[in-house]
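Take a look at the structure below.
The values are calculated or read from the model by the stated rules, or taken from the named source; none is laboratory data. These numbers come from a predicted model, not from an experiment. Counting neighbours? That spans all protein chains shown, and the Cβs are built from the backbone with ideal geometry, glycine included. We work out accessible area using only protein heavy atoms, side chains counted, and drop any ligands, DNA or RNA first. Shrake-Rupley method; radii C 1.70, N 1.55, O 1.52, S 1.80 Å.
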Amino acid sequence: SDFWWHLRTGQYIVEMQDIPRADPFSYTATGEPWITHEWASEMILFLLFRAFGYAGDVLFIACIVTAGFFIIFRLCLALGINDLVALLLVFWAALIMEPFYSVRPLMFTWLFFSIFLSSLYLYHRGISRSLWHLPVLMVLWVNLHGGFAIGLVLIGLLIVTRLAERLLLRKPLEVRHPLLVLILSALAALVNPN
């Protein structure tokens, strides 16, 4: 995969103490504008590599992936799914996603997707009362991987779902809180060097 590019970019950021805005690496595009949207994860990968070698990066990413699946497992349990069935479903999902496992910033999106999905679903079910942590997490996500837009879409889907249930099923569902969280999360997504 593109691990070495991420590693070299992280090295550049750490050693130059700057985030590149133009391509410093490629032969054909040197100096061309470049949006380093994964700068924080690339820096983390480089620092881990420098301290522990490739094994450190592999272990770190394995922990991130495992945490994402653990969050989904806990969500299944919170929704009343049997322990064994929840374990089998998460294990099946892990097997399906196996071809995509690699040491790269994309794994952060898997983790944040799990957190956002779980938080939003538990809020919609009335198990959780607040979503204020999502804009804070968005600041991290936007600097770790470009998949942060998925978080905004998930919040938007919650709002659409709640509005539809209010209109069609006459459920008294509140949408102001998720709407404010969406606005704050969109603003939080602007907290990045790009």
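Out of all the residues in region 66-80, which are over 17 Å from S128 (Cα atoms), of a type in the set (A, V, I, L, M, F, W, C) and crowded, with 16+ Cβ neighbours inside 10 Å?
F69
If L152 meets every condition in (1) surrounded by fewer than 16 Cβ atoms within 10 Å (Cβ to Cβ); (2) under 21 Å from the mean Cα position of the chain (by Cα) apart from one, which number is that one?
The one condition L152 does not meet is (1).
Could you please find all residues in region 155-188 being closer than 21 Å to A40 by Cα and either in contact with a Gly (Cβ under 8 Å, 6 or more places away or on another chain) or buried (at least 19 other Cβ atoms within 10 Å of the Cβ) (or both)?
S185, A188
Filter region 163-182 down to the residues that are closer than 18 Å to L134 by Cα and among the basic types (K, R) and list them by number.
Hit for region 163-182 is R176, nothing else.
Only one of these is surrounded by 14 or more Cβ atoms within 10 Å (Cβ to Cβ), in contact with a Cys (Cβ under 9 Å, 6 or more places away or on another chain), in a helix (DSSP H, G or I) and not aromatic (F, W, Y): L87, L7. Name it.
L87
Out of region 10-58, which residues are open to solvent by less than 70 Å² (accessible area, probe 1.4 Å), outside any loop (DSSP other than H, G, I, E, B) and hydroxyl-bearing (S, T, Y)?
Y12, S41
Yes or no: region 158-170 includes at least one residue that is touching a residue at least 12 places away in the same chain (Cβ under 8 Å), of a type in the set (G, A, S) and on the phi < 0 side of the Ramachandran plot.
no
Find all pairs meeting these conditions: Cβ atoms under 7 angstrom apart; at least six residues apart or on different chains; first residue within region 183-194 and more than 13 Å from W141 (Cβ to Cβ); second residue open to solvent by 50 Å² or more (accessible area, probe 1.4 Å) and assigned to a helix (DSSP H, G or I).
Short answer, once both residue conditions are applied: P193/W39.
Quickly run through region 16-72 and pick out the residues that are of a type in the set (A, V, I, L, M, F, W, C), within 29 Å of A93 (Cβ to Cβ) and more than 17 Å from the chain's Cα centre (by Cα).
L48, F49, F52, A55, V58, L59
Give the residues of region 132-145 that are open to solvent by 30 Å² or more (accessible area, probe 1.4 Å) and within 17 Å of F108 (Cβ to Cβ), sorted by residue number.
Once the filter is applied, which keeps residues that are open to solvent by 30 Å² or more (accessible area, probe 1.4 Å) and within 17 Å of F108 (Cβ to Cβ), region 132-145 yields H133, V136, L137, V139, L140.
Scan region 95-108 and give yes if some residue there is open to solvent by 50 Å² or more (accessible area, probe 1.4 Å), more than 27 Å from V191 (Cα to Cα) and among the aromatic types (F, W, Y), otherwise no.
Checked against the condition, which is being open to solvent by 50 Å² or more (accessible area, probe 1.4 Å), more than 27 Å from V191 (Cα to Cα) and among the aromatic types (F, W, Y), region 95-108 yields at least one hit.
Kindly list the number of the only condition in (1) under 12 Å from the mean Cα position of the chain (by Cα); (2) over 20 Å from E38 (Cβ atoms); (3) open to solvent by 50 Å² or more (accessible area, probe 1.4 Å) that fails for Y121.
Going through (1) under 12 Å from the mean Cα position of the chain (by Cα); (2) over 20 Å from E38 (Cβ atoms); (3) open to solvent by 50 Å² or more (accessible area, probe 1.4 Å) one by one, Y121 breaks only (1).
Within region 34-61, can you find the residues that are over 20 Å from F148 (Cα atoms) and not aromatic (F, W, Y)?
Matches in region 34-61: L47, L48, R50, A51, G53, A55, G56, D57, V58, L59.
Tell me whether region 60-77 contains one or more residues that are of a type in the set (A, V, I, L, M), part of a loop (DSSP other than H, G, I, E, B) and either closer than 18 Å to L120 by Cα or in contact (Cβ under 8 Å) with a residue 60 or more places away in the chain (or both).
Checking region 60-77: not a single residue is of a type in the set (A, V, I, L, M), part of a loop (DSSP other than H, G, I, E, B) and either closer than 18 Å to L120 by Cα or in contact (Cβ under 8 Å) with a residue 60 or more places away in the chain (or both).
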